[in-house]
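First the structure, in the form of structure tokens, and then the observations on it.
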Amino acid sequence: MNPVYYLYLAALLFTIGAAGVLIRRNAIILFMCVELMLNACNLAFVAFSRLHGNLDGQIIAFFTMVVAAAEVVVGLAIIVTVFRSRHSASVDDASLMKL
Amino acid sequence: MENLIGLLVAVPLLGAALLLCGGRRLDGKGHYIGTVLAASSFAIGAVLFADMLGRGEHDRALHSHVFSWIPVGGFHADVAFQLDQLSMTFVLLITGVGTLIHVYSIGYMEHDERRRRFFGYLNLFLAAMLLLVLADNYLLLYVGWEGVGLASYLLIGFWQHKPSAATAAKKAFIVNRVGDVGLSIAIMLMFTTFGSFAFAPVLAEADRAGEGKLTAIGLMLLLAACGKSAQVPLQSWLGDAMEGPTPVSALIHAATMVTAGVYLITRSGAIFNAAPDAQAAVVTVGAVTLLFGAIVGCAKDDIKKALAGSTMSQIGYMILAAGLGPIGYVFAIMHLVTHGFFKAGLFLGAGSVMHSMNDEVDMRKYGGLRKYMPITFITFGLGYLAIIGFPGLSGFWSKDKIIEAAFAKGGTEGWILGGAALLGAAITAYYMTRVMLMTFFGEKRWVADENGNEPHPHESPGSMTFPMIVLAFGSVFAGGLFSLNDAFVKWLEPVTGHSHGDSPLSAAAVTGGTMVVLVIGVGLAWAQYGRRPVPRTAPRGSLLTRAARRDLLQDDFNHVALVQPGQYLTRGLVYVDHKLVDGVVNGTAASVGGLSGRLRKLQNGYARTYAVSMFGGTAVLIAATLLMRAV
């Protein structure tokens, strides 16, 4: 199968993820969308690895997974804390960081 | 012997350092330290003088290199002294009169609690003045030149609690700065023209430089001399400088510092000789000032200001003589020395009178003092006879020679200059007789002041009368002694050169003319102030009298011509600064502030807005990268 199709799929997933980040307000959904974008990137990396016939892309994909796991831990902790104090998971409610 | 020259300057400098840094524990003996050090400087000068007399006429100059001050590549500025006959004359005058005035000040400043500081300043002045006349290059001379300016400023403003004294000090300092600019430009011109500013190379090569350059240097030197010697147009500070204690007026503003301009011109004789235009400017300044000062002196009721006008006028004579070239240099210096004696004596006499009259300076409130203070009367009287040129006394010998030399200039110029000098002699006789009559003759006119303190005129203490007596001897005999066998001419000739002009009038005719104008001047003054009683309040006077009382409108002129345009300029600049410069600065600040106020609204705290900008930014970056690839 032509690896280029995987790239199309990656682009599609990334776009969906990005749109979700921009449109949705629920922090959990937002988070899932971010994960979607990361995984789209991973897919693209792996596809490129196949295209070029080396392992660089696959190695980077592992790194991305590690980083994403760490990010999830921190992010979920923040979301839980915010939810406890505000009883809401909407990102728009947490808009106090402004001038 | 050479090493003694440096000591000459170092001794009074040590005195200044001791007295000014020594603190209160020297209060009780500061004046003795100052006087002894001044006297030692005079003693060193006398030793050097004796040594100089022992050597041949052309090998009298001594040279002493102390250290290299600024050695930079081809540029050398040295601290080096040169003692020739001209410097020697000044050294003896400065230290001699200086010592006498130190002695006088012991009595005069007795009741002043800051007497130690006063003596410190006097010693500082001596050191700076000696440095000025002993320097072997113009840059070191400039150091001394500024040093005497500083000492003069400190001493004029010595009673700085009086606003008038503080103002007078500032005025003297600022007017002198104008002249000093001239000296510094002259030194720069010398360096670019001759590659040096030591006397020897500059003066030896003077006639090889172009006349235009020399004229420029000469005019700048003249400007410097005008400032320091209170010549028109920079004369306005001298009258106000009389705010200082009287010994200061005698030493600095009569005998020595104000004659520095004459020294400068005489020393730079080689430059002036080769620049006739500059010489013409010098004689013009001299002739104008000698009349200007004399006229001002006629109208003043303040005894010190009348004498200040006289000083200005007498220095005008010297500048005139110095401007005549080799005919006049010797006589300029000779008049300078005799003037140093009699004018210092006159000032000390005036100080003695003030001392006994509760510091009253208005001559209309003196009168008849000869009975109360005989020594002051006699010494002042001898000084008076000397300055008006009474036959046989010092002023007669020196001033007569200048008038003769002015006529000897030749042509119409000679007649104009000679005529001015002769007219000046008449006015001198008039105003000095006026001072004499108003102070020592007539009825007593003093009364008790509002506190009921009536002055009780009395003779001053010995420390004050002794210097006056010594100076009176100088006023009587110095001129005759100098003229014996042309001793003074022969003494200075190797340094300044000397030539006889061809006078259209014989020496006897000039002397006769001088005698005639002398009698006219004295007679006029007697008719006005001797025959009739002197009114206690000044009459309104003619237009000229009123103008002369205001120093011939010099301050008004300076105010209108210089101060006001300056004020308008500064006001204009302040306006531009406020409106334009501040406008640009404040406008920038305001627009940045406004812009940031708007930009601030982009920070709304919504995470999704930030995400949009991140995505937008990334998209733009990718688009740009692709575009660059495509191109």
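Observations on the model:
- In this label model, B:Arg177 and B:Val47 are separated by 4.2 nm, measuring between points 7 Å along each Cα→Cβ vector.
- Among the listed pairs B:Lys171/B:Lys579; B:Lys371/B:Lys401; B:Lys343/B:Lys490; B:Lys170/B:Lys213, those beyond 27 Å (Cα-Cα): B:Lys171/B:Lys579; B:Lys371/B:Lys401; B:Lys170/B:Lys213
- 3J(HN,Hα) along the range B:264-270: 4, 5, 5, 4, 8, x, 4 Hz, from the Karplus curve 6.51 cos²θ - 1.76 cosθ + 1.60 with θ = phi - 60°, whole Hz, x for Gly and Pro.
- Among the trypsin sites (Lys or Arg not before Pro) in the range A:4-99, those located in a DSSP loop and surrounded by at most 15 other Cβ atoms within 10 Å of their own Cβ are A:Arg25, A:Lys98.
- Reach of B:Lys365 by Cα under 17 Å, taken over lysines that are not fewer than 8 positions away in the same chain: B:Lys300, B:Lys304, B:Lys305, B:Lys444
- Residue-wise HN-Hα couplings along the range B:222-230, as the Karplus relation 6.51 cos²θ - 1.76 cosθ + 1.60 with θ = phi - 60° gives them from phi, are 5, 4, 4, 5, 4, x, 6, 9, 6 Hz; Gly and Pro carry x.
- Its DSSP H runs of at least 4 residues, each contributing -39,500 (n - 2.57), put the calculated 222 nm mean residue ellipticity of chain B at -23000 deg cm²/dmol, to the nearest 500.
- Rounded FRET efficiency, nearest 0.05, which uses the C-beta distance separating B:Lys162 from B:Thr588 and R0 of 41 Å: 0.25
- Built amide H within the under 5 Å cut-off of B:Leu62, gap 5+: B:Leu83, B:Asp84
- Between the helical axis of B:163-194 and the longest alpha-carbon principal axis of chain B there is an angle of about 80 degrees.
- Residue order for B:Asp449, B:Asp27, fewest other beta carbons within 10 angstrom first, comes to B:Asp449, B:Asp27.
- Ranked by how many other Cβ atoms sit within 10 Å of their own Cβ, fewest first, the residues B:Ile469, B:Ile5 fall in the order B:Ile469, B:Ile5.
- Diffusion coefficient (Stokes-Einstein, Kirkwood radius over C-alpha pairs, 4 °C, 1.567 mPa s) for the protein assembly as shown: 42 µm²/s, rounded to a whole number.
- For the range B:419-428, backbone phi angles converted through the Karplus equation (6.51, -1.76, 1.60; θ = phi - 60°) give residue-by-residue couplings of x, 4, 5, 5, 4, x, 5, 5, 5, 4 Hz, Gly and Pro being listed as x.
- Among the GluC sites (Glu not before Pro) found in the range B:408-461, those both in a DSSP coil and sparsely packed, with 11 or fewer other Cβ atoms within 10 Å of their Cβ, are B:Glu443, B:Glu450.
- Shielding of B:607-619 by partner chains, average beta-carbon count, 10 Å: 3
- Per-residue Cβ neighbour counts within 10 Å put A:Met37, A:Met32, B:Met242 in the sequence A:Met32, A:Met37, B:Met242, beginning with the fewest.
- Around the amide H of B:Trp69, modelled in the peptide plane, lie the amide H atoms of B:Ala77, B:Asp78, B:Val79, all under 5 Å away and 5 or more residues distant in sequence or on another chain.
- Descending semi-axes in Å of the range A:41-99, equivalent ellipsoid built from Cα gyration tensor: 37, 12, 8
- Both radii come from the Cα set of chain B: Rg as radius of gyration, Rh as Kirkwood radius; their ratio Rg/Rh reads 1.15.
- Between B:Val36 and B:Phe477, full extension at 0.36 nm per residue minus the direct alpha carbon distance yields a gain of 156.1 nm.
- Unit Cα scatterers, Debye sum, chain A: log10 I(q)/I(0) for q = 0.17, 0.18, 0.23, 0.25 Å⁻¹: -0.81, -0.86, -1.13, -1.23
- Spin-label model, B:Ser506 to B:Met628: label points 7 Å out along the Cα-to-beta-carbon direction sit 10.6 nm apart.
- Inter-label distance for A:Ala19 and A:Arg84, nm, one decimal - labels placed 7 Å from Cα along Cα-to-Cβ: 3.7
Values quoted throughout were computed directly from the atomic coordinates according to the rules given, and no laboratory measurement underlies them. Owing to the predicted nature of the structure, the values given are computational and were not obtained by experimental measurement. Positions of Cβ are backbone-derived with ideal geometry, glycine not excepted, and every protein chain shown enters the neighbour counts.
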